[in-house]
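Q: The following block contains the structure, expressed as C-alpha coordinates.
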Amino acid sequence: MSFPSPLAQPTHSMPATPPPAPPRRDLPVPAPGGGRIALWMTAIVIGFLALGLAAYFLTFLGPASAVLAAILALIPLALVLVAIRIIDRWEPEPTGLVAFALAWGAVASVALALGVDLVIGLVVPEVPDTLSAVLQAPIVEEVAKGLGVLLVFVAARRAFDGPVDGVVYGALVGAGFAFTENILYFADSLITGGVESAAYTFFLRGVLSPFAHVMFTAVTGYALGRAARMGLRGGAGVGRWLVGVVGAITLHALWNGSAVFADFFALYAMLQVPLFILFVVGVMLLRREETRLTRARLGDYAAAGWFSVGEVDMLATRAGRARAIAWARTLPGDRSSAMRRFIAEATSLAAARQRVVTGRDPRAAADERVYLERATRARGDVLAR
(Lines give C-alpha, C1' and ligand atoms only; values in the text may rest on other atoms or scores of the structure.)
Protein backbone atom coordinates (compact mmCIF):
# COMPACT_ATOMS: atom_id res chain seq x y z
CA MET A 1 0.00 0.00 0.00
CA SER A 2 1.42 3.44 -0.91
CA PHE A 3 1.25 6.54 1.23
CA PRO A 4 1.57 10.20 0.20
CA SER A 5 4.50 10.69 2.56
CA PRO A 6 7.10 8.49 4.27
CA LEU A 7 5.76 9.81 7.56
CA ALA A 8 2.14 8.99 6.76
CA GLN A 9 2.49 5.25 7.45
CA PRO A 10 0.98 3.80 10.61
CA THR A 11 3.38 3.79 13.55
CA HIS A 12 3.77 0.00 13.59
CA SER A 13 5.05 -0.07 10.01
CA MET A 14 6.80 3.28 9.76
CA PRO A 15 10.21 2.77 8.14
CA ALA A 16 13.21 4.95 8.75
CA THR A 17 12.76 8.15 6.80
CA PRO A 18 15.44 9.15 4.34
CA PRO A 19 17.88 11.89 5.32
CA PRO A 20 17.50 15.37 3.85
CA ALA A 21 19.15 16.15 0.54
CA PRO A 22 22.89 16.94 0.71
CA PRO A 23 23.67 20.44 1.98
CA ARG A 24 23.66 23.14 -0.66
CA ARG A 25 24.05 26.89 -0.71
CA ASP A 26 20.38 27.75 -1.35
CA LEU A 27 17.73 26.01 0.67
CA PRO A 28 14.64 24.90 -1.28
CA VAL A 29 11.36 26.73 -0.96
CA PRO A 30 7.86 25.27 -1.27
CA ALA A 31 6.37 25.48 -4.73
CA PRO A 32 3.99 28.45 -5.07
CA GLY A 33 0.28 27.83 -5.48
CA GLY A 34 -1.39 28.12 -8.86
CA GLY A 35 -3.46 31.10 -7.75
CA ARG A 36 -0.55 33.54 -7.67
CA ILE A 37 -1.38 34.94 -11.11
CA ALA A 38 -4.96 35.71 -10.05
CA LEU A 39 -3.70 37.44 -6.90
CA TRP A 40 -1.15 39.47 -8.83
CA MET A 41 -3.72 40.57 -11.39
CA THR A 42 -6.11 41.53 -8.61
CA ALA A 43 -3.32 43.42 -6.85
CA ILE A 44 -2.71 45.46 -10.00
CA VAL A 45 -6.40 46.35 -10.17
CA ILE A 46 -6.31 47.30 -6.49
CA GLY A 47 -3.39 49.61 -7.23
CA PHE A 48 -5.41 51.52 -9.84
CA LEU A 49 -8.40 51.64 -7.51
CA ALA A 50 -6.17 53.06 -4.78
CA LEU A 51 -5.15 55.92 -7.06
CA GLY A 52 -8.82 56.61 -7.77
CA LEU A 53 -9.73 56.60 -4.07
CA ALA A 54 -6.84 58.92 -3.27
CA ALA A 55 -7.98 61.34 -5.97
CA TYR A 56 -11.54 61.13 -4.64
CA PHE A 57 -10.45 61.93 -1.09
CA LEU A 58 -8.21 64.81 -2.12
CA THR A 59 -10.90 66.29 -4.37
CA PHE A 60 -13.98 66.01 -2.18
CA LEU A 61 -12.44 66.12 1.29
CA GLY A 62 -9.63 68.54 0.60
CA PRO A 63 -5.90 67.82 0.95
CA ALA A 64 -5.57 69.11 4.52
CA SER A 65 -8.62 67.26 5.88
CA ALA A 66 -7.80 64.06 4.00
CA VAL A 67 -4.18 63.96 5.20
CA LEU A 68 -5.08 64.77 8.81
CA ALA A 69 -7.86 62.18 8.77
CA ALA A 70 -5.46 59.57 7.36
CA ILE A 71 -2.97 60.27 10.15
CA LEU A 72 -5.70 59.84 12.75
CA ALA A 73 -6.89 56.64 11.07
CA LEU A 74 -3.38 55.19 11.31
CA ILE A 75 -3.62 55.12 15.12
CA PRO A 76 -6.40 52.53 15.49
CA LEU A 77 -4.99 50.67 12.47
CA ALA A 78 -1.63 50.30 14.22
CA LEU A 79 -3.35 49.01 17.36
CA VAL A 80 -5.32 46.45 15.37
CA LEU A 81 -2.28 45.28 13.39
CA VAL A 82 -0.36 44.68 16.62
CA ALA A 83 -3.24 42.56 17.92
CA ILE A 84 -3.41 40.60 14.64
CA ARG A 85 0.35 40.06 14.77
CA ILE A 86 -0.01 38.56 18.25
CA ILE A 87 -2.68 36.18 16.96
CA ASP A 88 -0.54 35.29 13.93
CA ARG A 89 2.72 34.70 15.79
CA TRP A 90 2.22 30.94 15.96
CA GLU A 91 2.39 30.37 12.21
CA PRO A 92 2.80 33.74 10.45
CA GLU A 93 1.02 34.11 7.14
CA PRO A 94 3.05 35.01 4.03
CA THR A 95 3.85 38.72 3.95
CA GLY A 96 2.43 39.09 0.45
CA LEU A 97 -0.93 37.65 1.48
CA VAL A 98 -1.02 39.83 4.59
CA ALA A 99 -0.48 42.90 2.40
CA PHE A 100 -3.04 41.67 -0.12
CA ALA A 101 -5.74 41.13 2.52
CA LEU A 102 -5.09 44.55 4.04
CA ALA A 103 -5.16 46.21 0.62
CA TRP A 104 -8.36 44.43 -0.37
CA GLY A 105 -10.05 45.75 2.75
CA ALA A 106 -8.69 49.29 2.41
CA VAL A 107 -9.27 49.69 -1.32
CA ALA A 108 -11.19 47.00 -3.21
CA SER A 109 -13.94 46.40 -0.65
CA VAL A 110 -14.43 50.14 -0.17
CA ALA A 111 -14.64 50.69 -3.93
CA LEU A 112 -17.12 47.82 -4.29
CA ALA A 113 -19.25 49.12 -1.42
CA LEU A 114 -19.24 52.67 -2.81
CA GLY A 115 -20.13 51.39 -6.28
CA VAL A 116 -23.04 49.26 -5.05
CA ASP A 117 -24.30 52.09 -2.85
CA LEU A 118 -24.20 54.40 -5.87
CA VAL A 119 -26.24 51.95 -7.96
CA ILE A 120 -28.77 51.48 -5.15
CA GLY A 121 -29.03 55.25 -4.80
CA LEU A 122 -29.84 55.57 -8.49
CA VAL A 123 -32.38 52.75 -8.50
CA VAL A 124 -33.98 53.55 -5.13
CA PRO A 125 -33.17 57.22 -4.55
CA GLU A 126 -34.93 57.63 -1.20
CA VAL A 127 -33.72 54.80 1.04
CA PRO A 128 -34.43 55.70 4.72
CA ASP A 129 -31.28 56.33 6.74
CA THR A 130 -32.22 53.68 9.29
CA LEU A 131 -32.71 51.04 6.61
CA SER A 132 -29.44 52.04 4.96
CA ALA A 133 -27.51 51.82 8.25
CA VAL A 134 -29.01 48.63 9.63
CA LEU A 135 -29.60 46.60 6.45
CA GLN A 136 -27.93 48.00 3.35
CA ALA A 137 -24.52 48.87 4.82
CA PRO A 138 -23.98 45.54 6.66
CA ILE A 139 -24.97 43.45 3.64
CA VAL A 140 -23.02 45.44 1.05
CA GLU A 141 -19.89 45.92 3.16
CA GLU A 142 -19.65 42.39 4.55
CA VAL A 143 -20.13 40.82 1.13
CA ALA A 144 -17.48 43.16 -0.32
CA LYS A 145 -15.03 42.36 2.47
CA GLY A 146 -15.88 38.68 2.46
CA LEU A 147 -15.05 38.39 -1.23
CA GLY A 148 -11.45 39.26 -0.38
CA VAL A 149 -11.22 36.48 2.20
CA LEU A 150 -12.83 34.05 -0.26
CA LEU A 151 -10.30 35.04 -2.93
CA VAL A 152 -7.41 34.25 -0.58
CA PHE A 153 -9.06 30.93 0.28
CA VAL A 154 -9.42 29.95 -3.38
CA ALA A 155 -6.24 31.40 -4.87
CA ALA A 156 -3.84 30.80 -1.95
CA ARG A 157 -5.40 27.65 -0.51
CA ARG A 158 -2.08 26.18 0.59
CA ALA A 159 -1.52 29.13 2.96
CA PHE A 160 -5.02 28.80 4.43
CA ASP A 161 -4.68 25.93 6.89
CA GLY A 162 -7.41 26.43 9.48
CA PRO A 163 -9.57 28.70 11.65
CA VAL A 164 -6.70 30.83 12.98
CA ASP A 165 -5.56 31.61 9.43
CA GLY A 166 -9.14 32.47 8.50
CA VAL A 167 -9.53 34.80 11.48
CA VAL A 168 -6.24 36.51 10.59
CA TYR A 169 -7.15 37.07 6.93
CA GLY A 170 -10.66 38.23 7.86
CA ALA A 171 -9.28 40.55 10.53
CA LEU A 172 -6.78 42.06 8.08
CA VAL A 173 -9.49 42.75 5.51
CA GLY A 174 -11.67 44.29 8.22
CA ALA A 175 -8.77 46.40 9.49
CA GLY A 176 -8.10 47.75 6.01
CA PHE A 177 -11.75 48.61 5.47
CA ALA A 178 -11.99 50.36 8.85
CA PHE A 179 -8.88 52.42 8.02
CA THR A 180 -10.37 53.85 4.84
CA GLU A 181 -13.81 54.29 6.36
CA ASN A 182 -12.25 56.12 9.30
CA ILE A 183 -10.61 58.56 6.91
CA LEU A 184 -14.04 59.41 5.52
CA TYR A 185 -15.66 59.78 8.94
CA PHE A 186 -12.82 61.75 10.53
CA ALA A 187 -12.53 64.11 7.57
CA ASP A 188 -16.29 64.67 7.39
CA SER A 189 -16.44 65.44 11.11
CA LEU A 190 -13.52 67.83 10.81
CA ILE A 191 -15.09 69.66 7.86
CA THR A 192 -18.62 69.89 9.25
CA GLY A 193 -18.01 70.20 12.98
CA GLY A 194 -14.41 71.24 13.49
CA VAL A 195 -11.81 69.79 15.82
CA GLU A 196 -14.25 69.03 18.64
CA SER A 197 -16.50 66.96 16.38
CA ALA A 198 -13.52 65.14 14.89
CA ALA A 199 -12.21 64.35 18.37
CA TYR A 200 -15.59 62.89 19.38
CA THR A 201 -15.74 60.76 16.22
CA PHE A 202 -12.20 59.57 16.86
CA PHE A 203 -13.20 58.56 20.39
CA LEU A 204 -16.20 56.57 19.13
CA ARG A 205 -14.41 54.83 16.26
CA GLY A 206 -10.75 54.88 17.18
CA VAL A 207 -10.98 54.23 20.92
CA LEU A 208 -14.29 52.48 21.62
CA SER A 209 -14.60 50.41 18.48
CA PRO A 210 -11.33 49.92 16.58
CA PHE A 211 -12.01 46.17 16.38
CA ALA A 212 -15.61 46.34 15.13
CA HIS A 213 -14.96 45.64 11.43
CA VAL A 214 -12.16 43.26 12.44
CA MET A 215 -14.60 41.11 14.42
CA PHE A 216 -17.29 41.21 11.72
CA THR A 217 -15.09 39.93 8.91
CA ALA A 218 -13.17 37.57 11.19
CA VAL A 219 -16.44 35.61 11.44
CA THR A 220 -16.33 35.09 7.66
CA GLY A 221 -12.69 34.08 7.89
CA TYR A 222 -13.41 31.66 10.70
CA ALA A 223 -16.08 29.91 8.62
CA LEU A 224 -13.65 29.50 5.71
CA GLY A 225 -10.95 28.35 8.14
CA ARG A 226 -13.24 25.56 9.29
CA ALA A 227 -13.80 24.67 5.65
CA ALA A 228 -10.03 24.52 5.18
CA ARG A 229 -9.61 22.27 8.22
CA MET A 230 -12.25 19.94 6.75
CA GLY A 231 -10.25 19.72 3.52
CA LEU A 232 -12.70 21.66 1.33
CA ARG A 233 -11.21 23.39 -1.69
CA GLY A 234 -12.26 26.13 -4.11
CA GLY A 235 -15.98 26.33 -4.74
CA ALA A 236 -16.67 23.64 -2.12
CA GLY A 237 -16.05 26.28 0.53
CA VAL A 238 -18.63 28.75 -0.80
CA GLY A 239 -21.40 27.33 1.37
CA ARG A 240 -19.30 27.84 4.49
CA TRP A 241 -18.39 31.31 3.24
CA LEU A 242 -22.06 32.22 2.94
CA VAL A 243 -22.66 31.08 6.52
CA GLY A 244 -19.76 33.25 7.68
CA VAL A 245 -20.98 36.26 5.72
CA VAL A 246 -24.45 35.93 7.27
CA GLY A 247 -22.83 35.88 10.71
CA ALA A 248 -20.76 38.95 9.86
CA ILE A 249 -23.83 40.79 8.53
CA THR A 250 -25.75 39.96 11.70
CA LEU A 251 -23.04 41.34 13.98
CA HIS A 252 -22.64 44.42 11.78
CA ALA A 253 -26.38 45.09 11.73
CA LEU A 254 -26.55 44.66 15.50
CA TRP A 255 -23.71 47.13 15.93
CA ASN A 256 -25.24 49.74 13.63
CA GLY A 257 -28.68 49.19 15.16
CA SER A 258 -27.34 50.00 18.60
CA ALA A 259 -26.45 53.46 17.33
CA VAL A 260 -29.77 53.99 15.54
CA PHE A 261 -32.45 52.45 17.75
CA ALA A 262 -30.97 52.39 21.27
CA ASP A 263 -28.71 54.18 23.70
CA PHE A 264 -25.36 53.42 22.06
CA PHE A 265 -23.27 53.64 25.23
CA ALA A 266 -25.67 51.48 27.26
CA LEU A 267 -25.82 48.81 24.56
CA TYR A 268 -22.08 49.12 24.07
CA ALA A 269 -21.48 48.24 27.72
CA MET A 270 -24.11 45.51 27.92
CA LEU A 271 -23.62 43.84 24.54
CA GLN A 272 -20.62 45.00 22.53
CA VAL A 273 -18.05 44.70 25.31
CA PRO A 274 -19.15 41.12 26.17
CA LEU A 275 -19.03 40.28 22.45
CA PHE A 276 -15.48 41.57 22.23
CA ILE A 277 -14.48 39.56 25.30
CA LEU A 278 -16.08 36.49 23.74
CA PHE A 279 -14.13 37.16 20.56
CA VAL A 280 -10.83 37.34 22.47
CA VAL A 281 -11.60 34.14 24.37
CA GLY A 282 -12.52 32.43 21.09
CA VAL A 283 -9.21 33.43 19.51
CA MET A 284 -7.33 32.11 22.55
CA LEU A 285 -9.14 28.78 22.28
CA LEU A 286 -8.34 28.59 18.57
CA ARG A 287 -4.67 29.21 19.26
CA ARG A 288 -4.74 26.46 21.89
CA GLU A 289 -6.22 24.14 19.27
CA GLU A 290 -3.38 25.05 16.89
CA THR A 291 -0.89 24.28 19.67
CA ARG A 292 -2.36 20.81 20.19
CA LEU A 293 -2.34 20.16 16.45
CA THR A 294 1.30 21.27 16.13
CA ARG A 295 2.29 19.00 19.01
CA ALA A 296 0.47 16.05 17.45
CA ARG A 297 1.98 16.49 14.00
CA LEU A 298 5.53 17.05 15.29
CA GLY A 299 4.98 13.98 17.44
CA ASP A 300 4.81 12.01 14.19
CA TYR A 301 8.38 13.14 13.44
CA ALA A 302 9.48 12.27 16.96
CA ALA A 303 8.08 8.77 16.45
CA ALA A 304 10.14 8.55 13.23
CA GLY A 305 13.29 9.65 15.05
CA TRP A 306 13.66 13.15 13.61
CA PHE A 307 12.95 15.03 16.84
CA SER A 308 13.18 14.14 20.49
CA VAL A 309 10.16 14.33 22.76
CA GLY A 310 11.80 17.30 24.49
CA GLU A 311 12.20 19.10 21.19
CA VAL A 312 8.51 18.59 20.40
CA ASP A 313 7.59 20.18 23.73
CA MET A 314 9.95 23.04 22.98
CA LEU A 315 8.64 23.62 19.47
CA ALA A 316 4.93 23.20 20.18
CA THR A 317 4.41 25.36 23.27
CA ARG A 318 4.77 29.08 23.85
CA ALA A 319 6.66 28.54 27.11
CA GLY A 320 8.99 26.06 25.44
CA ARG A 321 9.73 28.45 22.61
CA ALA A 322 10.49 31.28 25.01
CA ARG A 323 12.92 29.09 26.98
CA ALA A 324 14.55 27.86 23.77
CA ILE A 325 15.14 31.39 22.44
CA ALA A 326 16.50 32.51 25.84
CA TRP A 327 18.87 29.53 25.88
CA ALA A 328 19.99 30.18 22.30
CA ARG A 329 20.99 33.71 23.29
CA THR A 330 23.54 32.25 25.72
CA LEU A 331 25.26 30.24 22.99
CA PRO A 332 28.39 31.63 21.33
CA GLY A 333 27.47 34.40 18.91
CA ASP A 334 23.84 34.62 20.11
CA ARG A 335 22.01 31.99 18.08
CA SER A 336 18.50 33.17 18.93
CA SER A 337 17.82 34.05 15.28
CA ALA A 338 18.68 30.49 14.24
CA MET A 339 16.42 29.17 16.99
CA ARG A 340 13.56 31.36 15.78
CA ARG A 341 14.14 30.03 12.28
CA PHE A 342 14.10 26.47 13.63
CA ILE A 343 10.80 27.13 15.41
CA ALA A 344 9.24 28.76 12.33
CA GLU A 345 10.31 25.98 9.97
CA ALA A 346 9.13 23.29 12.38
CA THR A 347 5.74 24.99 12.69
CA SER A 348 5.42 25.14 8.90
CA LEU A 349 6.50 21.50 8.82
CA ALA A 350 3.66 20.58 11.19
CA ALA A 351 1.16 22.43 9.00
CA ALA A 352 2.42 20.65 5.88
CA ARG A 353 2.23 17.35 7.72
CA GLN A 354 -1.41 18.06 8.59
CA ARG A 355 -2.16 18.65 4.92
CA VAL A 356 -0.54 15.30 4.11
CA VAL A 357 -2.57 13.50 6.77
CA THR A 358 -5.87 14.97 5.59
CA GLY A 359 -4.97 14.42 1.93
CA ARG A 360 -6.36 17.81 0.92
CA ASP A 361 -3.19 19.07 -0.80
CA PRO A 362 -1.52 16.87 -3.43
CA ARG A 363 1.69 18.89 -3.13
CA ALA A 364 1.89 18.72 0.66
CA ALA A 365 4.29 15.78 0.64
CA ALA A 366 6.81 17.84 -1.37
CA ASP A 367 6.38 20.73 1.07
CA GLU A 368 6.90 18.32 3.94
CA ARG A 369 10.33 17.31 2.66
CA VAL A 370 11.31 20.92 2.01
CA TYR A 371 10.35 22.08 5.50
CA LEU A 372 11.99 19.03 7.04
CA GLU A 373 15.27 19.90 5.34
CA ARG A 374 14.98 23.55 6.34
CA ALA A 375 14.12 22.67 9.94
CA THR A 376 17.02 20.25 10.31
CA ARG A 377 19.36 22.81 8.73
CA ALA A 378 18.18 25.47 11.20
CA ARG A 379 18.64 23.07 14.11
CA GLY A 380 22.14 22.36 12.86
CA ASP A 381 22.87 26.11 12.90
CA VAL A 382 21.70 26.32 16.51
CA LEU A 383 23.87 23.38 17.63
CA ALA A 384 26.92 24.13 15.46
CA ARG A 385 30.21 23.93 17.36
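Q: Inspect segment 358-375 for any residue being among the basic types (Lys, Arg), in contact (Cβ under 8 Å) with a residue 12 or more places away in the chain and touching an Asp or Glu at 6+ places or on another chain (Cβ under 6 Å) and give the result as yes or no.
A: yes
Q: Can you find a residue that is out of contact with any helix residue (DSSP H, G or I) (no Cβ under 6 Å at 6 or more places or on another chain) and β-branched (Val, Ile, Thr) anywhere in segment 192-200?
A: yes
Q: Further question on the same structure: For segment 229-247, how many residues meet the condition of being out of contact with any Pro (no Cβ under 8 Å at 6 or more places or on another chain) and either of a type in the set (A, V, I, L, M, F, W, C) or crowded, with 17+ Cβ neighbours inside 10 Å (or both)?
A: Number of matching residues: 13.
Q: Determine which member of the set Arg323, Arg341, Arg360, Arg379 is more than 19 Å from Gly162 (Cβ to Cβ) and within 25 Å of the chain's Cα centre (by Cα).
A: Arg341
Q: Go through segment 147-202 and give me each residue that's under 15 Å from Gly105 (Cα atoms) and of a type in the set (Asp, Glu).
A: Hit for segment 147-202 is Glu181, nothing else.
Q: Shifting gears a bit: I'd like to check something: does segment 189-198 contain any residue that is free of Cβ contacts under 8 Å to residues at least 12 places away in the same chain and closer than 25 Å to Gly282 by Cβ?
A: No, the conditions are met nowhere in segment 189-198.
Q: Something else: Is it the case that segment 219-231 has a residue that's touching a residue at least 40 places away in the same chain (Cβ under 8 Å) and touching a Leu at 6+ places or on another chain (Cβ under 6 Å)?
A: No, that holds for no residue.
Q: Which residues, taken from segment 158-174, are among the charged types (D, E, K, R) and closer than 14 Å to Phe100 by Cβ?
A: Asp165
Q: Now, a different point. Leu331 fails exactly one of the following numbered conditions: (1) among the aliphatic types (A, V, I, L, M); (2) part of a helix (DSSP H, G or I); (3) surrounded by 14 or more Cβ atoms within 10 Å (Cβ to Cβ). What is the number of that condition?
A: Only one criterion in (1) among the aliphatic types (A, V, I, L, M); (2) part of a helix (DSSP H, G or I); (3) surrounded by 14 or more Cβ atoms within 10 Å (Cβ to Cβ) is unmet by Leu331, namely (2).
Q: Inside segment 225-269, can you point out the residues that are more than 15 Å from Gln136 (Cα to Cα), of a type in the set (Phe, Trp, Tyr) and in contact with a helix residue (DSSP H, G or I) (Cβ under 8 Å, 6 or more places away or on another chain)?
A: Across segment 225-269, the qualifying residues are Trp241, Phe261, Phe264, Tyr268.
Q: Scan segment 329-351 residue by residue and report those that are under 19 Å from Asp361 (Cα atoms) and of a type outside the set (A, V, I, L, M, F, W, C).
A: Glu345, Thr347, Ser348
Q: Just for segment 41-74: of the residues that are out of contact with any Phe, Trp or Tyr (no Cβ under 8 Å at 6 or more places or on another chain) and not hydrophobic (A, V, I, L, M, F, W, C), which one is surrounded by the most Cβ atoms within 10 Å (Cβ to Cβ)?
A: Selected residue: Ser65.
Q: If you don't mind, there's one more thing I want to ask. Return the residue satisfying two criteria in turn: it lies in segment 292-328 and is part of a loop (DSSP other than H, G, I, E, B) and out of contact with any Leu (no Cβ under 8 Å at 6 or more places or on another chain), and of such residues it is surrounded by the most Cβ atoms within 10 Å (Cβ to Cβ).
A: Within segment 292-328, the match that is surrounded by the most Cβ atoms within 10 Å (Cβ to Cβ) is Thr317.
Q: Go through the residues of segment 345-362 one by one and say whether even a single one is assigned to a loop (DSSP other than H, G, I, E, B) and among the polar types (S, T, N, Q).
A: no
Q: When you check Val280 against the structure, is it outside the structural domain of Ile71 (by TED's automatic domain parsing) and either within 19 Å of the chain's Cα centre (by Cα) or under 30 Å from Ala70 (Cα atoms) (or both), yes or no?
A: yes
The values are calculated or read from the model by the stated rules, or taken from the named source; none is laboratory data. None of the values given here were measured: they were computed from a predicted structure. We place every Cβ from the backbone using ideal geometry, glycine too, and count neighbours over all the protein chains shown.
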